[in-house]
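The values are calculated or read from the model by the stated rules, or taken from the named source; none is laboratory data. The shown structure was predicted, so the numbers you read here are calculated from the model rather than taken from an experiment. Here the Cβ positions follow ideal geometry from the backbone for every residue, glycine too, while neighbour counts run over all protein chains shown.
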Amino acid sequence: METREKDYHPAKIVIVTDDRQIPHFQQLFAITEKLGLVTPGTDLVHVAFGTITDENGHPFSTRQGGMPKLKELLDEAASRALAIVREKNPDLPDADARALAETIGIGAVKYSDLAMDPITTIRFSWDAVLSLQGNSGPYLQYAHARIRSLLAKYAETFPGEDWRAAPIRPDDPLERALARRILAFPETVASAGAKCRPNFVADYLFGLAQDYSSFYQKLSVLKAEDPAVRAGRARLCAAVASVLARGLALLGIRAPDRM
C-alpha cells in the first residue's frame, strides 16, 4: 500500500480477491489509514468475489489441481462455440467460422464471470455459458447480430429510404419502454464504475435485449405500412444495436455483425 502511494499517488486503490479475505482487507485499510500510509481522501476499495465451482458444485482449486489454465479454458470455449457456429452456418468458410467461434467462445467466458454478482458462488456450466437463450454473452451477441441483419435487409428492401435521419416517435408502450431503457445506459455505466460492479452493465444489457425482443415480436419494422413509422422503428433498432455493442465492449466482448 505504501509503495503504491509513493509511486503512483492514486486517488483510488482497488484490490480484487476472493471473499475469504474480506476481514483481512478491512483490517489492512484501517491500519493503513491510522498509520498515515496513504493520502487522506484516497479511496481504498476491496472488491471481493465468490467461489467458482464446476457443474457438480465442487470448487475449482489450484492447490488440488482442479483449476484449468486460462488458455485451456478459452481454447475449450472456442472449440465448443465452433460446433455451434458450424451447425447454424454450415456454408461459412472455415477461417470465418473459426474467427466467429473465438469471438463467441471468449466472449461467453468473460460474460459468465462479469455478469454475476461478484460475491455470489458461480456454478460454471458450458451449456449455460454458451447458450443462445437467457442471460449469456452469446444471447446478447446474437441479439446484436439480428438487428444488424434487420438493418441490412431494410437497406436492401427500401433503397430509397434513409432511416438514419428519421425521427423516433415512441407512440407504442413497447417503443417507449425500449427508448427509456436506452436512455438509462449512461447512468448504468456510471453506477457500475463507481461501485466496481460490471454485473450492473450485464444486467442492463440483458434487460435491453429482452425489451427489444418484446418490441420486435409485437411491432413490425419492415412490414410497417407508414414509411415514417418504419424508418423511426429502424432507427430505434439501430440505437439498441449500438448500445449493445458499446456495453459489450465495456465488458471486453466483441459484438459480431453476424452469427
(request) Kindly establish whether V109 is among the hydrophobic types (A, V, I, L, M, F, W, C), within 24 Å of A202 (Cα to Cα), free of Cβ contacts under 8 Å to residues at least 40 places away in the same chain and part of a helix (DSSP H, G or I). (result) yes
(request) Within the range 6-28, track down each residue that is out of contact with any Asp or Glu (no Cβ under 6 Å at 6 or more places or on another chain), within 16 Å of K195 (Cα to Cα) and assigned to a strand (DSSP E or B). (result) I13, V14, I15, V16, T17
(request) May I ask you to say which residue of Y212, Y204 is touching a residue at least 12 places away in the same chain (Cβ under 8 Å) and closer than 20 Å to K110 by Cα? (result) Y204
(message) Among the listed residues R169, R164, R180, R148, identify the single one that is at pLDDT below 95, basic (K, R) and in a helix (DSSP H, G or I).
(response) R164
(request) Give me a count of the residues in the range 218-241 that are in contact with a helix residue (DSSP H, G or I) (Cβ under 9 Å, 6 or more places away or on another chain) and assigned to a helix (DSSP H, G or I). (result) 13
(request) Quickly run through the range 44-73 and pick out the residues that are modelled with pLDDT of 85 or more and loosely packed, with under 11 Cβ neighbours inside 10 Å. (result) K71, E72
(request) Select, from A128, A155, the only residue that is part of a helix (DSSP H, G or I), surrounded by 14 or more Cβ atoms within 10 Å (Cβ to Cβ) and free of Cβ contacts under 8 Å to residues at least 24 places away in the same chain. (result) A128
(request) Specify which of the listed residues (R176, R197) is without any contact (Cβ under 8 Å) to a residue 40 or more places away in the chain, in contact with a Pro (Cβ under 8 Å, 6 or more places away or on another chain) and either assigned by TED's automatic domain parsing to the domain that holds S112 or among the charged types (D, E, K, R) (or both). (result) R176
